[in-house]
Structure formats: C-alpha cells, structure tokens
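Participant: Pasting a structure below so you can have a look.
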2 protein chains.
Amino acid sequence: MNLSALRGHNAALALDLLRAAGRDGISRLELAERTGLTPQAVSKITARLRAAGLVSEAGHRASTGGKPRTVLRLAPSAGCAVGVRLDRDALTAVLLDLAGERVRVREAPLDPGGEPPAVLARVADEVGLLLRGERPPGLLGAGVAMPGPLDHASGVARRVTGFPHWDGFPVRDTLAALLGCPVVLDKDTNAAALGLALSGVAGESDSFAYLHLGTGLGAGLVLGGGLYRGARTGAGEFGHQTVQLDGPECRCGRRGCIEALCLDAVRRGEPERAARILGAGAANLVALLDIGRIVLGGRIVAAAPDVFTARVAEAAGVPVALADGGAHPIAGGAAQLILAPLFGRGDPYSPKIR
Amino acid sequence: MNLSALRGHNAALALDLLRAAGRDGISRLELAERTGLTPQAVSKITARLRAAGLVSEAGHRASTGGKPRTVLRLAPSAGCAVGVRLDRDALTAVLLDLAGERVRVREAPLDPGGEPPAVLARVADEVGLLLRGERPPGLLGAGVAMPGPLDHASGVARRVTGFPHWDGFPVRDTLAALLGCPVVLDKDTNAAALGLALSGVAGESDSFAYLHLGTGLGAGLVLGGGLYRGARTGAGEFGHQTVQLDGPECRCGRRGCIEALCLDAVRRGEPERAARILGAGAANLVALLDIGRIVLGGRIVAAAPDVFTARVAEAAGVPVALADGGAHPIAGGAAQLILAPLFGRGDPYSPKIR
DNA sequence: GCACTATGGCAACAGCGTTGCTTAAGTGGG
DNA sequence: CCCACTTAAGCAACGCTGTTGCCATAGTGC
C-alpha cells in the first residue's frame, strides 16, 4: 500500500463513519477516536472531503464546558446511484442518494424470456424513465441484482434461474454501454445483504446472513462488515445445502436440498414445518461461521413473518430480523453495490496482492 | 491507519512473500511487482528488514541481458516459536523457525483429568524439555491448540471436549506466566488450517476448509488467505451441522449431526459410508463459501486416506488434499499462531475500527 | 572493446499523519 | 460582569513514508 492508497483508505474510513452517523452527524473528535487517528489528521481529511463537497458542517453539539464540537454530515446530494432488481417477472429500479436514502422508485413488469440484448434495452429504457430522461448530477453508476448464479468479477450471467439463454452473456458491459455509466452485477441476495449491512438492519453485529425465501432460497453473507463473495464470487449458495442425506431428489441432482424441502412444505401449506427446516439451515450457518444475526426476507417469509422469525430464532440461537419488503431491499442493495466502495465496504475477502 | 501502521503493513507484505518463496528466495523487483510498490520503496523496506536481521541476500539470478537480480531470503534463525497441541491423552510440542521449518519435536502422554493448573505446569515442563532448559534466541512466543470450544480473543477455555472442569479457565494467561513469553490459544482445527495455509498445502487457492476427523469432527476455515474465526471466535463448528433433519439424536441435543452420523459409520466399519457423509458436508461448505479446496486430516482419515479423498472430491467438486499427520499439522499450526501475524496473516475478518 | 540492458542505490522531493502551539468559543465561580 | 478554566479546531514545523530522477554497477552480445 502506498501513500495515495493510504489517503483513500483513511478517507473511506471517515466517510463510512459519517454515513453510519446519518442525520445525527459526527464530530471531528469522534472521528478521531473511532479511526485511531489524531484529531489534527481528521481535520485535514475532513477538510479535503469538505472541499470535494462530500461533507458539510451542520451545527454544533452542546458544550461540555468548552468549545462545542462542530457536527459534520455526509452531503447526500454529492452523489447518487441507480439500483436495478431483475426478477423472473418484474423489474424494480431505485435511485439512492449518497446517504443511501431512496429518492425515487419505479416498478415494471418484465419478460425475461426474450433475448438478453432486447431485455437489457428494456432495462435501460426503464432506468431512463426513472431518471426522467436526464442524467442526475453526481451519478456514480448502476448496480444490477439478479437471481444468480453469475460472475460478479466479470459481470457475466451464468445459468441465472428464471432467465433462460443468459448463460455467458456479458450483462455488465452491455448495460454499461447502454447507460453510459459504470455498472456492477451481483446476485440478488448479495445485493440485499450489502444493503442491509449499510442500513443498520443488522444492528451492532458486523457478521450476519441474509436468507431470502421467495421463488427459490438463497443467502447473502456479510462477514466482518463486508460482503463475502468467495473465491469465484459464487458464495451464498444456500438453497442446495444438504440437510436430509436420503431426502427427495432435487432439480439440482442432489438429495435433500433445503430449498426443495422448504418449498415443498410451503406448497403443502405447512409454514411451521418450512420455518423449522429453514431454522435448521440457519443454525448450521450460525455454528459454522459464528455470525451474530440472521435477517430474513422474501415473499414467502413476508406471508408468515412471525412464524419464520420465531422458529429460526429458536433454532439458530441468535437475534433474527426481518427485511422490510416495502423498502425494496434488493434494488436498494443493488445501488449500494456502487456506493459501498466509497465507504471502504467493497468485499474485504477478495484475493489480495501478496 | 497511520504511517507507522503503513510501514508495518508493507513490511509484513514483503515478509509474507519472502516466506512463501522459501529457499528459492525472491528478488527486489519481484517483490515490487507483487506488492504494487515501486522498486525503490522495496529497496528501502528490504534494507530495514536486512538491518533487523530478518532478511539476507543469497546469491543472484541468471542475467537476462543486464545486471542479475539479487536474491533475498528470509533468515530462518531470526526468530522461532513453540507450538503445543493438547489432545485428550497426549501432548505434542514443536519448535518452528521463522520460515516455518520444524526444528524439534517432543511427544508425551497427558492426563487432562487433573486440575488445569497442574496440567499446565506439566505442559510448561514439557516445553522446557523441548527447549532443553534454555530460552532459544528470538523466541517470539508459544501457540497452544486444544479441541475447543474456547475463546481465542481472551485465551479462556470453554467446554473443551475431553478436558472436564476447564470451562472458564484462563489457559493463555496462566501459561504465559509459567513460560515467560506471549501465549496464543486457539482451536486445534484453526491452528491446523493456519499452518496448512502457510505451508502451501492449500496450493494456489487462498480459501479452503480443513476438516479433521479424529475423536470428533471439526473444521478450520481459511477465507481470503487468513484464518476466519467469526464474531466470537467460535467459527468452524462443523461437527454439529445438521445433515439429516430426522436423524438420530446427538449428544449435543440436536438431530442428524454430521459428526454423529460419520463416526457411527466408522464404528460400524463402513468407511465408504462415512466418507460419503463427510463428502456431503464438504459439498455444503464449498457451495456456501465458494472455497477452492478441501484439506482432510485426523486419525480416521489417515486410516483410509484414499477412500475419504475420493468420495469427498467426488461430492465437493474441488481438489482435495491430505494433511500429513507425521508432519504434526496441529502442533505446527499452533506455532504459526505466533508467527503468522509477522506476515500479516492474522485473521482479516476480525471486527475492525470504523 | 563497446553498446546495450537491467538492477539497485543515492539524493531530492511531495505528501502523509504527528507534534507543539495558538486561536476560538463555550462554562461557571466570584 | 469579569476572568479563570475547559474543550475544540486550525496553523506551522516536523519526521517519515513512498516516489522520482539520476547514476553506478554488472552482466550480455555484437
């Protein structure tokens, strides 16, 4: 790491604390305490951030017997990002400001049966409508969330469930050309987990799993405050975890996959049973990764939130939270794919220079 | 991060590359390429390391039309560490040099039934015998590996399997006082995984799982090149992953735990079946964490290595390696608990300053 | 023997966080 | 109301980081 990387690192550290502080803001001295830097260093860093328009002064704290601390706040309008969720039959697009607040939403039906170029042209049109035809000032890029599996690093779809014929299609580069801005592609569960990590739904714990039970069952893992994607960006394949060695055959070819068992119970109208199966899978996760929390989301969980929350908490032995579907956690998380690197929240486990 | 932390970071980066290069050594320019630093910066860093006696020049590479590159090597004798494995009935102690090479081994029977202070006094005696009564120059500390569960951060044992009455005993601080050097405590599987990560057994992949099948079944996870310990240092509890929802009750109170099923198959003399069960668990790990390799070890694996390797590779779909039991992977890994931080290989997922 | 190539050190430099000091802006006792 | 005291934040000088430009060294190959 060289000096310019050091500067970026510390600026990101400060920005992340400013982001987490939200409307309350944070003082220079608090930043110094939390980063371990000296107050003077923080003054210089925040001066640069203020000069760049990313941070502004916003009032003062009450005095504690001396000069009151000046409150600093992230300037939400200094940047924004688009987030797009592509689902089997619908598209959700959101515009988020730098603070992660939703500025606009747009939902539309989608037919993924078409050829990828046509579908993506459609996506670009919808994003244009979301932006009302003009490029908002400070647009940093667009994040796209799809069901997966796909390759985050290259932005190429693989055998994305519900999107036939997409295997190997360069979604990221195609859409980047259409939109004229940087595009990042990731799995829907990863996007949601990242968004939840940044929104504070995960509470104090900096490691949690987001479990999404909708058309399928998937997971996004946040370990040590950052999204864990694994060696080939395929981590979080939770639906095909074997939890019943001699169970019924799954469409993936293996037996006793948790997704098959869970969805089967749901289909039979036994949410209690589905919740207990999901709880067993969650308990496996908690034991294996020693994570501090589980967050549940998806259509099927939303249909019986109390049952799922109670059974999973019982089995896993950690706090369980619900992702509010109305807040569009996946589309919002997709936009956070663009914003997160500014705050040093890119994935910390990616292969490093050694 | 401040400048002194930056210097430490870059020094660790260089040392880790030197360590990985082993006897072959590495030139300044290669270090520059791999770290992303300029050649001149590397010259300064290696000059400091040479002045500290950690690195020495060792010959030259063949010329490629100009001045031949000078080879740098880690000076193995610049430091050493003790590693101790405490098992149910035996103690293994090793002395490793800075390069991770084994200098000495000592094995002795152990009765963990006694009170912790008496057992640890015994351990300290054995370490004294390993060191032949004198403190070797450059001794950095002692790492201790036990079956777990235990708390790495505080160095306190919890309900360590095979060690009754140890719950809550401050193993690290007690032993540090007896030995007069820093002590680090961790689970046996974590120690082994760390040792394997540093020894190159994991090959190119910087994420893998070490699965140990002996008296029990446990795992150590290396993600992104560093040991993953989780929020409360309890990660890697693999033995009680549920793989058979309605399976037989386990002593942990849950049903269908992989350890119970696996060991039951072994007890019945069906290693093929045990290997297939272990394979299913390994496949779960690979899917969930997208790791690039599985490493197997432990007494039961050693009794039928081909069967376990073949079945696990088949199920998990990634390369499977064997940890050589004769190389004392757990005791050696325990010593690496002390050495690894020098090379920036402390756990990268520990809670960060934000 | 000489031109060429590649490595690595020396010296000057820009930029990072740190230190010592000063100024600003409050509180609270007399 | 004044003034001592406390706390926050900026200015200037500094030490140390990696970087840049230049040069000495040590090989190859015509």
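The values are calculated or read from the model by the stated rules, or taken from the named source; none is laboratory data. Since this is a predicted model, take the numbers as computed values, not measurements. FYI the Cβ positions are ideal-geometry reconstructions off the backbone, even for glycines, and counts take in every protein chain you see.
Participant: Would you check if A:Val123 is modelled with pLDDT of 95 or more and either within 25 Å of A:Pro149 (Cα to Cα) or among the aliphatic types (A, V, I, L, M) (or both)?
Facilitator: Yes, satisfied.
Participant: Which one is farthest from B:Ala331 (Cα to Cα), of the residues in segment B:181-199 that are surrounded by 24 or more Cβ atoms within 10 Å (Cβ to Cβ) and among the small types (Gly, Ala, Ser)?
Facilitator: Ranking the qualifying residues of segment B:181-199, first place goes to B:Ala197.
Participant: Another question about this same structure. What number of residues in segment A:28-55 are buried (at least 16 other Cβ atoms within 10 Å of the Cβ) and touching a residue at least 12 places away in the same chain (Cβ under 8 Å)? Steps first, please.
Facilitator: First pass over segment A:28-55, keeping only residues buried (at least 16 other Cβ atoms within 10 Å of the Cβ): A:28, A:30-32, A:34-35, A:37, A:41-42, A:45-46, A:49, A:54-55.
Still in the list and also touching a residue at least 12 places away in the same chain (Cβ under 8 Å): A:28, A:30-31, A:34-35, A:37, A:41-42, A:45-46, A:49, A:54-55.
Within segment A:28-55, residues that are buried (at least 16 other Cβ atoms within 10 Å of the Cβ) and touching a residue at least 12 places away in the same chain (Cβ under 8 Å) number 13.
Participant: Related question: May I ask you to list the residues in segment B:288-310 that are within 14 Å of another protein chain (Cβ to nearest Cβ) and in a helix (DSSP H, G or I)?
Facilitator: Across segment B:288-310, the qualifying residues are B:Leu288, B:Leu289.
Participant: What number of residues within segment A:314-331 satisfy the criterion of being touching a residue at least 24 places away in the same chain (Cβ under 8 Å) and under 26 Å from B:Ala231 (Cα atoms)? Working first, answer last.
Facilitator: Looking only at segment A:314-331, we keep the residues that are touching a residue at least 24 places away in the same chain (Cβ under 8 Å), and these are A:314-323, A:325, A:327-331.
Checking the rest, the ones that are also under 26 Å from B:Ala231 (Cα atoms) come to A:314-323, A:329-330.
Summing the residues that are touching a residue at least 24 places away in the same chain (Cβ under 8 Å) and under 26 Å from B:Ala231 (Cα atoms) in segment A:314-331 gives 12.
Participant: Would you mind stating whether A:Arg19 is within 15 Å of DNA strand C (Cβ to nearest atom) and outside the structural domain of A:Asp125 (by TED's automatic domain parsing)? Before you say what the answer is, go through the steps one by one.
Facilitator: Details: within 15 Å of DNA strand C (Cβ to nearest atom): no; outside the structural domain of A:Asp125 (by TED's automatic domain parsing): yes.
Criteria not met by A:Arg19.
Participant: In segment B:56-104, how many are on the phi < 0 side of the Ramachandran plot, within 16 Å of DNA strand C (Cβ to nearest atom) and not hydrophobic (A, V, I, L, M, F, W, C)?
Facilitator: 12
Participant: Please go through (1) free of Cβ contacts under 8 Å to residues at least 24 places away in the same chain; (2) under 19 Å from the mean Cα position of the chain (by Cα); (3) part of a loop (DSSP other than H, G, I, E, B) for B:Gly100 and return the number of the only condition it doesn't satisfy.
Facilitator: Of the numbered conditions (1) free of Cβ contacts under 8 Å to residues at least 24 places away in the same chain; (2) under 19 Å from the mean Cα position of the chain (by Cα); (3) part of a loop (DSSP other than H, G, I, E, B), the odd one out for B:Gly100 is (1).
Participant: I need a count of the residues in segment B:23-39 that are more than 13 Å from DNA strand C (Cβ to nearest atom) and more than 10 Å from every other protein chain (Cβ to nearest Cβ).
Facilitator: 2
Quick grid of which residues meet (1) more than 11 Å from DNA strand D (Cβ to nearest atom); (2) part of a loop (DSSP other than H, G, I, E, B); (3) within 14 Å of another protein chain (Cβ to nearest Cβ); (4) within 20 Å of A:Gly22 (Cα to Cα):
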site	(1), (2), (3), (4)
A:Ala41	no, no, yes, no
A:Ile45	no, no, yes, yes
A:Arg48	yes, no, no, yes
A:Gly65	no, yes, no, no
A:Val71	no, no, no, yes
A:Arg85	yes, no, no, no
A:Leu91	yes, no, no, no
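Each row is one residue, and each column tells you yes or no for (1) surrounded by fewer than 23 Cβ atoms within 10 Å (Cβ to Cβ); (2) in contact with an Asp or Glu (Cβ under 9 Å, 6 or more places away or on another chain); (3) not aromatic (Phe, Trp, Tyr).
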| position | (1), (2), (3) |
| --- | --- |
| B:Val266 | yes, no, yes |
| B:Arg276 | yes, yes, yes |
| B:Ile294 | no, no, yes |
| B:Asp306 | yes, no, yes |
| B:Gly326 | yes, no, yes |
| B:Ile330 | no, yes, yes |
| B:Gly333 | no, yes, yes |
| B:Ile338 | no, no, yes |
| B:Gly346 | yes, no, yes |
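Participant: Let me ask another. Does A:Gly253 fit the bill of being without any contact (Cβ under 8 Å) to a residue 12 or more places away in the chain and in a loop (DSSP other than H, G, I, E, B)?
Facilitator: So A:Gly253 fits the description; yes.
Participant: Limited to segment B:117-144, what total is found for residues that are closer than 15 Å to B:Arg106 by Cα and touching a Pro at 6+ places or on another chain (Cβ under 9 Å)?
Facilitator: 1
Participant: Within segment B:94-102, is even one residue farther than 21 Å from B:Gly333 by Cβ and not β-branched (Val, Ile, Thr)?
Facilitator: no
Participant: Next question, about the same structure. Only one of these is of a type in the set (Gly, Ala, Ser), part of a helix (DSSP H, G or I), within 22 Å of A:Gly195 (Cα to Cα) and facing another protein chain (nearest Cβ under 10 Å): A:Ala20, A:Ala11. Name it.
Facilitator: Going through A:Ala20, A:Ala11 in turn, the sole match is A:Ala20.
Participant: Also, I was wondering about something else. For residues in segment B:53-63 being at pLDDT below 90 and among the small types (Gly, Ala, Ser), which is farthest from DNA strand D (Cβ to nearest atom)?
Facilitator: In this case the residue turns out to be B:Ala58.
Participant: Report, by residue number, each residue of segment B:257-284 that is more than 8 Å from chain A (Cβ to nearest Cβ) and out of contact with any helix residue (DSSP H, G or I) (no Cβ under 7 Å at 6 or more places or on another chain).
Facilitator: B:Cys257, B:Glu259, B:Ala260, B:Leu263, B:Asp264, B:Arg267, B:Arg268, B:Gly269, B:Glu270, listed by residue number.
Participant: Same structure, new question: Check whether at least one residue in segment A:16-27 is in contact (Cβ under 8 Å) with a residue 24 or more places away in the chain, among the hydroxyl-bearing types (Ser, Thr, Tyr) and surrounded by 20 or more Cβ atoms within 10 Å (Cβ to Cβ), and report yes or no.
Facilitator: no
Participant: Please verify whether A:Gly317 is away from chain B (no Cβ under 14 Å) and farther than 12 Å from A:Ala209 by Cβ, treating the condition exactly as stated.
Facilitator: When the stated conditions are applied, A:Gly317 does not pass them.
Participant: Does B:Leu96 satisfy being away from every other protein chain (no Cβ under 11 Å) and either away from DNA strand D (no atom under 16 Å from the Cβ) or among the β-branched types (Val, Ile, Thr) (or both)?
Facilitator: On the way: away from every other protein chain (no Cβ under 11 Å): yes; either away from DNA strand D (no atom under 16 Å from the Cβ) or among the β-branched types (Val, Ile, Thr) (or both): yes.
Against the criterion (away from every other protein chain (no Cβ under 11 Å) and either away from DNA strand D (no atom under 16 Å from the Cβ) or among the β-branched types (Val, Ile, Thr) (or both)), B:Leu96 qualifies.
Participant: Could you tell me whether any residue of segment B:193-201 is over 14 Å from B:Ile338 (Cα atoms), out of contact with any strand residue (DSSP E or B) (no Cβ under 7 Å at 6 or more places or on another chain) and within 13 Å of chain A (Cβ to nearest Cβ)?
Facilitator: Yes.
Participant: Within segment A:8-19, work out how many residues are more than 16 Å from A:Arg69 (Cβ to Cβ) and touching a helix residue (DSSP H, G or I) at 6+ places or on another chain (Cβ under 8 Å). Step through it out loud before you land on a result.
Facilitator: Applying the first criterion (more than 16 Å from A:Arg69 (Cβ to Cβ)) to segment A:8-19 yields A:8-13, A:15-16, A:19.
Cutting the leftovers down to touching a helix residue (DSSP H, G or I) at 6+ places or on another chain (Cβ under 8 Å) gives us A:10-13, A:15-16, A:19.
Within segment A:8-19, residues that are more than 16 Å from A:Arg69 (Cβ to Cβ) and touching a helix residue (DSSP H, G or I) at 6+ places or on another chain (Cβ under 8 Å) number 7.
Participant: Let me ask you something else. Based on this model, can you work out whether A:Gly133 counts as out of contact with any Ser or Thr (no Cβ under 7 Å at 6 or more places or on another chain), at pLDDT below 95 and either within 16 Å of DNA strand C (Cβ to nearest atom) or aliphatic (A, V, I, L, M) (or both)?
Facilitator: Judged against the criteria, A:Gly133 is not a match.
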